[in-house]
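Heads up: the structure comes next, in structure tokens.
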């Protein structure tokens, strides 16, 4: 009964490849997010979707493209992977009402060789 | 420009004693604050939150205090238990919108039996 699940948990790939990370939530939330935790351990928001509509798009290279087929899913596709993309990527979801906490998945550790 | 700062990277306490985790922020527009707990290889888990209209919120062993004039909040855990050993993140958002959370760097709490 995992609330926010993301796959894969680990992803090791070569520089220049294209890869995708999938996220699904069964909490009935209407808003989903992607965060990046870099080597300095900061969690920074990348994107947010509300009911399949992009509402937050931070300064992220356009090699990163989120896709939300429905409000329970938010996938992240990364083109032409670079060494600096190595990080842990977390998916999260929440209900877009005043002051509702976000719930996180367990993360995908992406390592670029 | 870190808007949310957790200046102490770690804290070690004895089981049964109080743990006090501190967090400072610089953005006066922040009005919603959260604490998350994170175990290794897992995602952050929501712990407790506080709105800027309050100065204290309590949930069982966890109490969060907010000092708006000092732009400071703290998390008190009483009594501390070994299972509380984790990394704790402070997070904040502005203007009542929980979508864009800004996280601190995290603080590792170790509770010794």
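Annotations
- Qualifying residue in segment B:73-93 (condition: modelled with pLDDT of 95 or more, more than 23 Å from residue A:47 (Cα to Cα) and touching a helix residue (DSSP H, G or I) at 6+ places or on another chain (Cβ under 8 Å)): yes
- The single residue among A:110, A:83 that is surrounded by 14 or more Cβ atoms within 10 Å (Cβ to Cβ), more than 8 Å from chain B (Cβ to nearest Cβ), in contact (Cβ under 8 Å) with a residue 40 or more places away in the chain and in contact with a strand residue (DSSP E or B) (Cβ under 8 Å, 6 or more places away or on another chain) turns out to be A:110.
- Residue check for residue A:64: in contact with a strand residue (DSSP E or B) (Cβ under 7 Å, 6 or more places away or on another chain), within 11 Å of chain B (Cβ to nearest Cβ) and either more than 23 Å from residue B:88 (Cα to Cα) or surrounded by 14 or more Cβ atoms within 10 Å (Cβ to Cβ) (or both): no
- If you go through segment B:56-87 and keep only what is over 13 Å from residue B:111 (Cα atoms) and within 14 Å of another protein chain (Cβ to nearest Cβ), you end up with B:57, B:59, B:62, B:64, B:66.
- For residue B:17, the conditions (1) within 14 Å of another protein chain (Cβ to nearest Cβ); (2) more than 26 Å from residue A:3 (Cα to Cα) all hold with the exception of (1).
- Taken over segment A:86-107, the residue count meeting the criterion of being within 13 Å of chain B (Cβ to nearest Cβ), in contact with a strand residue (DSSP E or B) (Cβ under 6 Å, 6 or more places away or on another chain) and in contact (Cβ under 8 Å) with a residue 40 or more places away in the chain is 13.
- Single match in A:40, A:44 (criterion: within 11 Å of chain B (Cβ to nearest Cβ), surrounded by fewer than 20 Cβ atoms within 10 Å (Cβ to Cβ) and over 15 Å from the mean Cα position of the chain (by Cα)): A:40
- Qualifying positions in segment B:98-113 - within 12 Å of chain A (Cβ to nearest Cβ) and touching a residue at least 40 places away in the same chain (Cβ under 8 Å): B:98, B:101, B:102, B:103, B:104, B:105, B:106, B:107, B:108
- Hits in segment B:21-41 - residues which are surrounded by fewer than 16 Cβ atoms within 10 Å (Cβ to Cβ) and within 23 Å of residue B:59 (Cβ to Cβ): B:39
The values are calculated or read from the model by the stated rules, or taken from the named source; none is laboratory data. In this text the structure is predicted, and so the values were computed from the model without any measurement. Glycine also receives a Cβ, built like all others from the backbone with ideal geometry; neighbour counts cover every protein chain displayed.
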